[in-house]
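The values are calculated or read from the model by the stated rules, or taken from the named source; none is laboratory data. Here the structure is a predicted model, which means the values were calculated and not measured. Cβ atoms come from the backbone with ideal geometry, glycine included; neighbour counts cover every protein chain shown.
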Amino acid sequence: MSSIALAGAVGAAGLLGSMYMEAKTNITDDVRSLFVSRKAAREVAKREADGTLSLFYLLEANSISIPTKDSIFYAPDRSQETWLSTYHKVLRWSKFLLAKGVKAGDVVAVDFTNKPTIIHIWFALASIGAAPAFINYTLQGPPLLHCLKVSGASLFLVDDVVRNNILTAQAEIDSLGIEILVIDMTCLHQIQSLTLERPSYKPTNARAGDIALKFSVSRFWDDVRVGKATIICYVGETCRYLAVSPGLPLELGHWHRSKAKRWIPQMSPSTPADRNHNVHSAYGLGMRKDVWQIMRDRYGVQNVLEMYGLSEGLASLINYNRGPRGIGAVGRDGLLQRYIKRKEWATIRVDPVTEEVLRGTDGLCLLTKPNEPGELLWRVWDPSKVPGYYKDAEATQKKMLQNVTEVGDWWFRSGDLLRKTSDGYWYFVDRLGDTFRWRSENVSTMEVSSALNQYPNLKDISVYGVSVPKHEGRAGCAAIEVAEGSTFDFVGFAALAKASLPKYAVPLFLRVTPQMPKTENNKLMKGTLKKEGANPHHIAPPDKMFWLKGGWQGGHSYVEFTKEDWDDLEAGKISL
């Protein structure tokens, strides 16, 4: 071999070796991430010091530097705002809110559907130094009252579209001293007629919030094209719906059996319009692993930024994915990040039935090995500075765990099971605790239980999520223990659930048991219930399963759920 050929071979081998090492260690991305995060931290510290750490200042800066550039696009009516027009609307809202007595430090409850007005209100409150408490616009009755009480708001702004949702709770809201203000067209015209005036209050830190357009498979890409979007936000179900559209119903015609003996979505035939857009990246959480490549192959969305985080959590994960490695992961730590986080992050073993933390003979928690699922924890160096839950110290304390890796240390529990590979990829496994996800919405089992546990002849209730064949997420299931010697009105119970809960939170399944499983100290045990799910094949007498046949819309009573019904769900003959 000539010296030139040898040098070329050595160079090629070196290049391949460096590429392999980079793939294994991810050092480049680690360095880039650290640089960006530290730069952002310096900017936040600077703004905090000079009093400009507010969303309003970002809006104001853009209204000056790029006044005619597009800011908000609203798909339903195809309206478009510029940064300057948005700024002017925010100033008018600020003047209106100041006239209503809103001042710095106040909280204003906002119950609105997804429209530009919610952003105007959000930034207007930030300009004053007040904070919004965004209310899920499907809530009514006790869940709505609970949110208002926790928020501490004295003013409640309500979208005219959802004004009927507050009627059943209006008397109770009035008794709390909360002023209800329905924002109808007359009110909007009054606000838009106000003269422009910059608030004299100095803005302080404002709480963050998110807003998105209502999702529609048939209109999604048209909205993206007209709005000239380059990045889309998603939840897992969003991308699955796009992956199988258009064509037959999701649960009937677009599934086939894979060699791995699991159901995976089959991509619908592509159309020329599928790649007629400017989207290069998708950002969100919960995208199924088998949908990632479909989004790339069919729609040309090459970059997927899959993330993991909690609103009450202390940190987050993100997987900036551009290729086949790491598909399905919610985050990745390279060699450098793993070293930095070695004393900040941990995953511990928990009992899958009781959900109790497992400890060794030394009293410390048992840490998981690579690829082993465990509950994710974050190190807390000063427990007094944990933000936790708003005005709920007791709930925050329940998330704290001591003596994890050393005696006396404190950690914050995520309530979620994750696993990390030896290469540093993080994968979401399952949720622990009180929340599950159905129809792209988070469902609190505590809220569901609170709304239903006062029903006549109901001795005890335990709410949890169950997997349903051919459906994303987990459907609500309520295990109930009926008072001895009494009868139970399934029609009335269904009516109560549908009247007092958002439709995505209504339990679709009901498990009637003569004795609720509990620990020795009377704590409800959900582990076994969740493991058996709603499958009648796994549930032994005397327990019996019921369901809202036809789902929320079609079911008017809980009726017996048979093995044949389960088989029909598995065959895709029934959709909830």
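Observations
- Subset of the stretch 529-576 (residues that are among the aliphatic types (A, V, I, L, M) and surrounded by fewer than 17 Cβ atoms within 10 Å (Cβ to Cβ)): Ala540, Ala571
- Among residues of the stretch 506-535, those that are within 25 Å of Gly485 (Cα to Cα) and in a helix (DSSP H, G or I), counted: 1
- Entry remark, the stretch 113-166: residues being aromatic (Phe, Trp, Tyr), closer than 24 Å to Val443 by Cβ and touching a residue at least 60 places away in the same chain (Cβ under 8 Å) number 1 in total.
- Some residue of the stretch 512-528 being touching a residue at least 12 places away in the same chain (Cβ under 8 Å), surrounded by 14 or more Cβ atoms within 10 Å (Cβ to Cβ), closer than 23 Å to Asp568 by Cβ and among the basic types (Lys, Arg): no
- Among residues of the stretch 34-83, those that are part of a helix (DSSP H, G or I) and more than 16 Å from Ile121 (Cα to Cα), counted: 22
- Residue check for Ala104: in contact (Cβ under 8 Å) with a residue 12 or more places away in the chain, in contact with a Gly (Cβ under 6 Å, 6 or more places away or on another chain) and not in a helix (DSSP H, G or I): yes
- Pairs, first at negative phi and outside the structural domain of Gly473 (by TED's automatic domain parsing) in the stretch 225-237, second at pLDDT below 85 and of a type in the set (Ser, Thr, Tyr), C-beta under 7 Å, six or more apart: Val235/Ser440; Glu237/Ser440
Yes/no per residue for (1) of a type outside the set (Asp, Glu); (2) within 26 Å of the chain's Cα centre (by Cα); (3) closer than 20 Å to His537 by Cα; (4) modelled with pLDDT under 90:
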{"site": "Val448", "(1), (2), (3), (4)": "yes, yes, no, yes"}
{"site": "Leu452", "(1), (2), (3), (4)": "yes, yes, no, yes"}
{"site": "Pro456", "(1), (2), (3), (4)": "yes, no, no, yes"}
{"site": "Val466", "(1), (2), (3), (4)": "yes, yes, yes, no"}
{"site": "Ala479", "(1), (2), (3), (4)": "yes, yes, yes, no"}
{"site": "Glu484", "(1), (2), (3), (4)": "no, no, no, yes"}
{"site": "Leu508", "(1), (2), (3), (4)": "yes, yes, yes, no"}
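- Any hit, the stretch 401-416, residues being touching a residue at least 24 places away in the same chain (Cβ under 8 Å), touching a helix residue (DSSP H, G or I) at 6+ places or on another chain (Cβ under 9 Å) and small (Gly, Ala, Ser): no
- All helices (runs of 4 or more DSSP H) inside the stretch 158-260 with 1 or more residues being among the aromatic types (Phe, Trp, Tyr) and modelled with pLDDT of 60 or more: 220-227, 236-244
- Residue within the stretch 406-418 that is of a type in the set (Val, Ile, Thr) and in contact with a Gly (Cβ under 9 Å, 6 or more places away or on another chain) present: yes
- Selection count, the stretch 437-468, where residues are among the hydrophobic types (A, V, I, L, M, F, W, C) and either closer than 16 Å to Lys498 by Cα or touching a Phe, Trp or Tyr at 6+ places or on another chain (Cβ under 7 Å) (or both): 7
- Screening Thr138 on (1) in contact with an Asp or Glu (Cβ under 7 Å, 6 or more places away or on another chain); (2) at pLDDT below 90; (3) not aliphatic (A, V, I, L, M) shows it passes everything except condition (1).
- Filtering Arg342, Arg296, Arg359, Arg332 for residues that are surrounded by 15 or more Cβ atoms within 10 Å (Cβ to Cβ) and either touching a Cys at 6+ places or on another chain (Cβ under 6 Å) or without any contact (Cβ under 8 Å) to a residue 12 or more places away in the chain (or both) leaves a single hit, Arg296.
- Annotation note: Cβ proximity below 9 Å between a residue of the stretch 64-90 that is in contact (Cβ under 8 Å) with a residue 40 or more places away in the chain and a residue that is assigned to a helix (DSSP H, G or I) and among the polar types (S, T, N, Q) (sequence gap 6+ or interchain) occurs for Ile72/Ser85; Ile72/Thr86; His88/Ser63; Lys89/Thr117; Lys89/Gln192.
- Of the strands (runs of 3 or more DSSP E) lying entirely inside the stretch 374-460, the ones with 1 or more residues being under 25 Å from Glu306 (Cα atoms) are found at 374-380, 410-420, 425-431, 435-438, 441-444.
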